[in-house]
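Heads up: the structure comes next, in structure tokens.
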Amino acid sequence: MARREGCSLVYEVANEFRIRCLEQDGSLLWDRPSVWTIDNLKLIQTHFLDAPDTTTGLDFWSKLKQQFQGLPAECFMILSDALVVYSLPSMTMTTNTKMSFLERVHEIGGPEPPELNERIVQAFGQGLTHTTLRYHAKYMELWLLVRFALHLKEKAAQGVLADPWDTARFLDECLYSFRPVDRAYEMRHALLHLLFPDVFESVISTRHKTQIASTFLTSSEVEATEKELSAEGHSPIVLDHLLLKVRERLQSQHPGSVVDFYSPELERQWRKEQREPEGPENGMSDPFSTIFADREEALWAFEVMSRVIKGLGLGSTDDPRLVISLARGGKALHLIFCNWLVLGFNAPAYEPKRFEVLLLENTATSLIHRKEIFTFKQKDDEPKLNCYAISTEEAQELGDQLVRGIEEALPSLLRRFSSYQFSPYKRFHVRALHQAALNPVYRVRILKDGLQNPPPPLSPNYWVFQVDPSLHKVIDSLRDGKLKTMPIMAREEDIRKGDKAILWVKGAGGGCYALITVSSDPYLGYADEEVSGCHVRPDGTFEETFEETVGCEVSVDLLLADKPISRDQVVENPVLRELPIDSEEPVRPVTTEQYEEMLRLASGVALPGRSQTASTNPEYSLTQMSAETGFAEEELARWVRAIDRKGQAVFYGPPGTGKTFIATRLARHLIGGSDGFTEIVQFHPAYTYEDFIQGIRVKTLQDGRLSYPMEPGRFLQFCTRARRRTGRCVLVIDEINRANLSRVFGELMYLLEYRDREIPLAGDGRLFSIPANVRIIGTMNTADRSIALVDHALRRRFAFIQLRPKLEILRRHHARTGFPIENLIRVLSRLNAQIGDPNFEVGISFFMGENLDLHSDLQSIWQMEIEPYLEEYFFDQPSIVNEFRWTKVKGEIFP
């Protein structure tokens, strides 16, 4: 049962609302028979719902006064009743705040409120859940309540209130009649719980509901429920059913116990932002864990700073007039323009002076009741600007009205300091805070990691935006030149201004219709078709689409609407064939090479350095390789299968077993008959991540100055070249174990195991994946370092193939030379038996070679290569070394 303990009065008041206002036409607060009537509700719809007031500089109540002016008293009574229902779920609002709403209705022209009965007052003090800044906007929640009641009465459908699921469908029909930006999903969840507390959860966040369902149910259970309820379409009802299953499961597992999804034990399980055990309790690092009450408040603060920076016209430049700094010993964050404080965010201990905001005096008069003023010295003819301290509760109640009030003060602030060139406080500026205000991606990172990491590079990411033409009128918008904004249905925290995207239209006749640039950071409150020509509806993913709509501004770089690049062109292109255009995710990252190849196709020209054709390599069969190496074809074929299965392999063994020779011959076989290629790289102890993946290189410019560009390393260069080929491309890493592999490989350790995924690189943050046609073959000298010392994670990612001295190969080789090899084989067998460790045996390649004549060269080989090796291995046993000196074994080899 989802009913919350200790909230019985909330449910009693909600039930009275259902009976007296929805089923009948009475009132919750007044003893009147004809209040919630169709005629009165229609008047409110005409003057309030259908005539939104977008005037700046007025608060919610001032606008409401204008909209309700001249309406009968019953309309004000409906407003008061609706505000009671709106307030009931909130544990964030105080009882005094909730009661003050009724006084404010009276102040704007409504009848004097009746004396509240004690049950309603006590219900105000109970509450059900915490509410967000979005919920405190009020107008969306009231709109939904009014439209639901009117729709119910016009359809004479009060009977649906007898069934929870019929009620949910009816309510969702009303919800979707509003623009996406005006849909009150939190009110939807709250009202259903108030009316049916035994069926619907008190969780009013769609995001939280989604996280709970995905944590406690398997993907197959979710899919089965979605299939079972396919008739519901994309309605949140499916999510409600999933939550009901979760509750039933948990109650069966813990009979008699209370299932509270916000209890510490359960919340830790479903929260996606898993906190480190030793980390701060609010999920943030210092100083943010000290300054802000929670992560949502911190993100709101950075968003307000972003709007102020843009309102001042500073954009992304590090303007000398702007200062964002820590203050009050790390317990406050300040945004200063020239000499004046514009924004201040203080730690909760400073309540009720949590936030300091710059406002025009006349704006503050209508917004803020309790004045805490910090005045600035101004001329008599200047608009009066003051800094006001407000509480958390006041900020939550004002919501976006507060931010708009700050923005209205900025033109006067700019005029006041029009002659200033810098701020005297610039030395306190923290660039990382400035960057976090502008970059939502870095904003999330800095809250978690603190200020120790530098701001991210500004190089662009590359994406494919997939759109459904049945949901988005994107093709018409492109052709009419009206595509100015786009909805972002995923990855909104990763996308940033300056990114490039392939605009892909799904379905029949689909393809790449444009290449676009993201010209703004993602923002909440994406507009509908009146602005962009695109209409957004939930896509069924149960993401935050239900609660809030995110969008970004875009500019079209290359228009292809009349001749789009088709799916067939993509599939046939070796670089684009892995483009994620069939993904269920509407936004997916693509590589730089994929984007550039799409740009090349779109523009019809070759990009610099891109080869359009590659020659075909000659075939090199396993039969040829067997004859050349002496290994059986069956064994060689087994090695090839292992390399293709894992994508990478290491040949390991003692010196002289032909590891490098075998690796290069296998590479030659793998690229045979295709346009692939092979390269070899030698690892050594000084080899680094910067050499292999990417790193900063110092370059001298023509004017003598130094630059420090981020340059790709050997492996990235290899992968860039491989993406232009269709055949397998092989990188041979000789002596792979001589470098510190964990440091050299970096992110490659992950990608070697998950070949179909991308991750951002540490250097420039760009997404990178290993092309599917890339193979890696390493060689490892076990006499230099044992395989047992190789990182276990690396061993798991490679196929390891052991090579030991195969004397039969030596026999076959010298059968052609005529050298009496058997005597040498007996000496080698006796020597390796004396060594007694397969990792350190003497190999056979010392005694093989096309131009080698053992009759004349064997003494030099033995004395210059074998004996020094034995001296090192048997450094403490000179008698064994002497036993195998050339002077001792010469008689055995040449009797």
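Computed from backbone phi with θ = phi - 60° and the Karplus coefficients 6.51, -1.76 and 1.60, the 3J(HN,Hα) list for region 619-624 is 5, 9, 7, 5, 5, 5 Hz; x is used for glycine and proline.
Assigning unit charges at the beta carbon (Lys, Arg +1; Asp, Glu -1) and nothing else, what dipole magnitude in debye, to the nearest 20, does the chain show about its Cα centre? Before the final figure, lay out each step's value.
Working: 104 positive and 125 negative charges, 467 e Å.
Around 2240 debye, computed over the chain.
For the residue pairs Lys98/Lys153; Lys63/Lys310; Lys659/Lys806, the C-alpha atoms sit more than 20 angstrom apart in Lys98/Lys153; Lys63/Lys310. Look at the dipole of the chain built from charges on Cβ: of Leu194, Val10, Phe846, the Cα furthest out on the positive end belongs to Phe846. For region 149-242, the dipole from Cβ point charges (+1 on Lys and Arg, -1 on Asp and Glu) about the Cα centre works out to 340 debye, to the nearest 20. Selection among Val84, Gly159, Leu29 by position relative to the dipole of region 29-175 gives Val84 as farthest towards the positive end (Cβ unit charges, Cα centre). For Ala833 and Ala686, the FRET efficiency from 1/(1 + (r/R0)^6), where r spans their Cβ atoms and R0 equals 51 Å, is about 0.85.
Using a 1.4 Å probe on the protein heavy atoms, what percent of the accessible area of the chain belongs to carbon and sulfur?
Numbers: 19740 of 39610 Å².
Taking all protein chains in place, the chain shows 50 percent carbon and sulfur surface.
A simple packing score, the average count of other Cβ atoms within 10 Å per residue, orders the peptides 684-692, 336-344 as 336-344, 684-692, with the highest score first.
Going toward the positive end of the dipole of the chain, with +1 on Lys and Arg Cβ and -1 on Asp and Glu Cβ, which of Ser62, Thr485, Gln211 do you reach last? Comparing the listed Cα positions along the dipole, Thr485 ranks first. For region 622-802, the relative contact order works out to 32 percent when only alpha carbon pairs closer than 8 Å and six or more residues apart are counted. Close amide H pairs (under 5 Å, H built 1.01 Å from N) link Glu711 with Gly695, Ile696, Arg697, residues at least 5 positions away or on another chain. In region 288-449, Cα pairs under 8 Å separated by at least six residues give a relative contact order of 29 percent.
If each residue of separation counts as 0.36 nm, what is the full-extension length gain between Lys484 and Lys377 once their alpha-carbon separation is subtracted?
Numbers: separation 107, 0.36 × 107 = 38.52 nm, distance 4.26 nm.
Here the answer is 34.3 nm.
Any chance you could give the angle, 0 to 90 degrees and rounded to 10, that helix 295-311 forms with the longest Cα principal axis of the chain? The angle comes out at about 80 degrees.
For region 25-36, 3J(HN,Hα) computed residue by residue from phi via the Karplus equation (6.51, -1.76, 1.60; θ = phi - 60°) reads 10, x, 9, 6, 9, 9, 8, 10, x, 10, 10, 7 Hz, glycine and proline entered as x. Taking the C-alpha atoms only, the angle from helix 8-17 to the longest principal axis of the chain is near 60 degrees.
Cross-linked pairs Lys42/Lys138; Lys245/Lys506; Lys209/Lys484; Lys138/Lys377: Cα-Cα separations exceed 25 Å for Lys245/Lys506; Lys209/Lys484; Lys138/Lys377. Inter-label distance, Arg3 to Asp644: 6.5 nm, where each label sits 7 Å from its Cα along the C-beta direction.
Multiplying each eigenvalue of the alpha-carbon gyration tensor of the chain by 5 and taking the square root yields semi-axes of 69, 31, 28 Å, largest first, rounded to whole angstroms.
Based on the Cβ-Cβ distance of Ser555 and Leu314, what FRET efficiency does E = 1/(1 + (r/R0)^6) give at R0 = 22 Å, to the nearest 0.05?
On the way: r = 21 Å, r/R0 = 0.95.
Here the calculated transfer efficiency is 0.55.
Remark: the chain carries 44 Å² of accessible area per residue (probe radius 1.4 Å; ligands, DNA and RNA excluded).
Take 882-892, 188-198 and order them by the average number of nearby Cβ atoms within 10 Å per residue, most first; the result is 188-198, 882-892. Annotation: amide H-H contacts under 5 Å for Arg775 (H modelled 1.01 Å from N, sequence separation of 5 or more, or interchain): Cys729, Val730, Leu731.
Computed extension gain for Arg697 through Arg600, at 0.36 nm per residue and net of the alpha carbon distance, reaches 32.1 nm.
Send over the Kirkwood Rh of region 288-449, from the inverse of the averaged 1/r over different Cα pairs, rounded to one decimal Å. It would help to have the intermediate numbers written out before the result.
Working: mean 1/r = 0.0628 Å⁻¹.
About 15.9 Å for region 288-449.
Counting only residues at least eight positions apart within a chain, or on another chain, the aspartates and glutamates with an alpha carbon under 19 Å from that of Lys888 are Glu822, Asp857, Glu865, Glu867, Glu871, Glu872.
Mean residue ellipticity at 222 nm, helices only, the chain: -11500 deg cm²/dmol; runs of at least 4 DSSP H residues each add -39,500 (n - 2.57), and the sum is divided by the number of residues.
With an 8 Å Cα cut-off and a minimum separation of 6 or more residues, compute the relative contact order for the chain in percent.
Dividing the mean separation by the residue count of the chain yields 8 percent.
In this simple spin-label approximation, Glu585 and Phe417 carry label points 7 Å from Cα along the Cα→Cβ vector, and these lie 4.1 nm apart.
With respect to the chain, whose longest principal axis is taken over its alpha-carbon atoms, helix 440-449 is tilted by about 80°. Amide H to amide H, with H built 1.01 Å from N, Asp557 comes under 5 Å of Leu515, Ile516, Thr517, counting only residues 5 or more places away or on other chains.
Based on the Cα gyration tensor of region 153-241, what are the three equivalent ellipsoid semi-axes, each the root of five times an eigenvalue, rounded to whole Å and given largest first?
22, 15, 14
Bridging of Lys379 to aspartates and glutamates at a Cα separation below 15 Å is possible for Glu361, once same-chain residues fewer than 8 apart are set aside. Based on the Cβ-Cβ distance of Asp31 and Lys384, what FRET efficiency does E = 1/(1 + (r/R0)^6) give at R0 = 51 Å, to the nearest 0.05? My answer for the efficiency is 0.60.
Residue by residue, region 499-507 carries 3J(HN,Hα) couplings of 5, 10, 9, 8, 8, 10, 8, 7, x Hz when phi is fed to the Karplus relation 6.51 cos²θ - 1.76 cosθ + 1.60 (θ = phi - 60°); x denotes Gly or Pro.
Here region 317-371 is treated with +1 on each Lys and Arg Cβ and -1 on each Asp and Glu Cβ, and its dipole about the Cα centre works out to around 280 debye. On the principal axes of its alpha-carbon atoms, region 205-271 has extents of 34, 23, 17 Å, going from largest to smallest.
The values are calculated or read from the model by the stated rules, or taken from the named source; none is laboratory data. Note that the structure is predicted; figures quoted are calculated from it, not measured. Note: ideal-geometry Cβ built from the backbone for every residue, glycine included; neighbour counts use all protein chains shown. Only protein heavy atoms, including side chains, enter the accessible area calculation; ligands, DNA and RNA are left aside. Shrake-Rupley method; radii C 1.70, N 1.55, O 1.52, S 1.80 Å.
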